[in-house]
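Written below as structure tokens is the structure these notes are about.
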């Protein structure tokens, strides 16, 4: 099966200094993909930059201009966690452009699976505010593009980053045409994403949050996907699935306390691909979010691409050392199924 991979060298120009979200993240991914032979087949394609019009479908023009001005100054902090440097504005447009290219590739064909290897990440970016390492909300820009430019009506976004995608939720919380699902460590930054947050107004019921306790690993995530994610997305019936693909729930990640392995991530990707085959002609596009342990990030992205290509998965890091029993999630799963009437 052919897969499209998108990468723009401008994404390396977002210089952040001594910061977890740094250019070395993409370099580590490239090296891991090259070692697996994936930079030659299917190869990395260079996307165009997102236009201001495409960005401002989900962000205010004032926000776009604020990011551009901050980058023109050479160095700025947009919030306590979010750095902007000279190349950041162009990098942010390239990151959004990668997400646009991925959704275009799977909707227009000939591929049905794509991965945008981009930074800065996006899912914390709110309509009028940069936040949590994120400048523009790449997956939200892609979702709206699928509707405005590609003619789709229903888009599902699945976010498995370890942090709640608060920006994505806020952008679409009143919109019944975009279904947003997030698994995330809780309580944890940004301290949103409670089970009770289900959208507002016409969008009530089209946001589904599963706040997971620290220590959740392969078994818990797979149980949650099977019992909640799959039936909820199946019921919504999207025409494309977009994935906010964060790899910071890996057990080695320095910014979180979860216990997913590389093989566990591959299992989630396989479930989402099977779901896409069932509900939307296989159309699924992944957009990189977090992941800050370089070896784990490179291995997990490579494993994800292996699943997209239908090839064997290799987990060089294995399970967590001294693995402890995972938290019991059955009460949470039952509450989520009851709240969202999943039977």
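The values are calculated or read from the model by the stated rules, or taken from the named source; none is laboratory data. The structure presented is a predicted model; accordingly, all values stated were derived computationally and were not measured. Because the Cβ atoms are built from the backbone with ideal geometry, glycine has one as well, and the counts that use them run over all protein chains shown.
Of 46, 39, all but one fail to be touching a strand residue (DSSP E or B) at 6+ places or on another chain (Cβ under 9 Å), modelled with pLDDT under 95 and within 21 Å of residue 309 (Cα to Cα); the exception is 39.
It is to be established whether one or more residues within the stretch 308-330 are assigned to a helix (DSSP H, G or I), within 25 Å of residue 209 (Cβ to Cβ) and touching a helix residue (DSSP H, G or I) at 6+ places or on another chain (Cβ under 7 Å). Steps first, answer last, please.
Let us first name the residues in the stretch 308-330 that are assigned to a helix (DSSP H, G or I), namely 308-309, 330.
From what is left, the residues that are within 25 Å of residue 209 (Cβ to Cβ) are 330.
If we keep only those that are touching a helix residue (DSSP H, G or I) at 6+ places or on another chain (Cβ under 7 Å) as well, we get none.
No, there is no match, as no residue in the stretch 308-330 is assigned to a helix (DSSP H, G or I), within 25 Å of residue 209 (Cβ to Cβ) and touching a helix residue (DSSP H, G or I) at 6+ places or on another chain (Cβ under 7 Å).
Taking (1) closer than 18 Å to residue 131 by Cβ; (2) in contact (Cβ under 8 Å) with a residue 40 or more places away in the chain in turn, residue 80 satisfies each apart from (2).
In the stretch 296-317, the residues that are over 22 Å from residue 256 (Cβ atoms) form Cβ pairs under 6 Å with partners that are not in a helix (DSSP H, G or I), at six or more places apart or across chains, as follows: 305/38; 306/313; 308/3; 308/113; 309/3; 310/1. Listed conditions (1) over 17 Å from residue 52 (Cβ atoms); (2) surrounded by 24 or more Cβ atoms within 10 Å (Cβ to Cβ); (3) touching a helix residue (DSSP H, G or I) at 6+ places or on another chain (Cβ under 9 Å); (4) touching a residue at least 60 places away in the same chain (Cβ under 8 Å) are all met by residue 98, apart from (1).
Give the residue that is nearest to the chain's Cα centre (by Cα), with candidates limited to residues of the stretch 61-84 that are part of a loop (DSSP other than H, G, I, E, B) and surrounded by fewer than 13 Cβ atoms within 10 Å (Cβ to Cβ). Spell out the reasoning first.
Residues of the stretch 61-84 part of a loop (DSSP other than H, G, I, E, B): 74, 80-81.
If we keep only those that are surrounded by fewer than 13 Cβ atoms within 10 Å (Cβ to Cβ) too, we end up with 74, 80.
Values: 74: 28, 80: 22 Å.
Per the criteria, the residue is 80.
Pairs linking a residue in the stretch 241-252 that is in contact (Cβ under 8 Å) with a residue 60 or more places away in the chain to a residue that is surrounded by fewer than 24 Cβ atoms within 10 Å (Cβ to Cβ) and part of a strand (DSSP E or B), with Cβ atoms under 8 Å and 6 or more positions apart or on different chains, are 249/185; 251/217.
Name the single residue, out of those in the stretch 111-133 being part of a strand (DSSP E or B) and under 12 Å from the mean Cα position of the chain (by Cα), that is farthest from residue 80 (Cα to Cα).
Going residue by residue through the stretch 111-133, those that are part of a strand (DSSP E or B) are 113-116, 126, 129, 131.
If we keep only those that are under 12 Å from the mean Cα position of the chain (by Cα) too, we end up with 115-116.
On the way: 115: 29, 116: 27 Å.
So, considering only residues that are part of a strand (DSSP E or B) and under 12 Å from the mean Cα position of the chain (by Cα), the one farthest from residue 80 (Cα to Cα) is 115.
Can you tell me which residue among 187, 213, 176, 127 is closer than 30 Å to residue 329 by Cβ, in contact with a helix residue (DSSP H, G or I) (Cβ under 8 Å, 6 or more places away or on another chain) and either surrounded by fewer than 18 Cβ atoms within 10 Å (Cβ to Cβ) or at pLDDT below 95 (or both)? Walk me through it before giving the result.
Values: 187 fails: in contact with a helix residue (DSSP H, G or I) (Cβ under 8 Å, 6 or more places away or on another chain); 213 fails: in contact with a helix residue (DSSP H, G or I) (Cβ under 8 Å, 6 or more places away or on another chain); 127 fails: closer than 30 Å to residue 329 by Cβ.
Being closer than 30 Å to residue 329 by Cβ, in contact with a helix residue (DSSP H, G or I) (Cβ under 8 Å, 6 or more places away or on another chain) and either surrounded by fewer than 18 Cβ atoms within 10 Å (Cβ to Cβ) or at pLDDT below 95 (or both) holds for just one of 187, 213, 176, 127, which is 176.
Of all positions in the stretch 286-294, at least one carries a residue that is under 21 Å from residue 31 (Cβ atoms), modelled with pLDDT of 95 or more and surrounded by fewer than 21 Cβ atoms within 10 Å (Cβ to Cβ).
Number of residues in the stretch 165-213 that are within 18 Å of residue 233 (Cβ to Cβ) and in a loop (DSSP other than H, G, I, E, B) equals 13.
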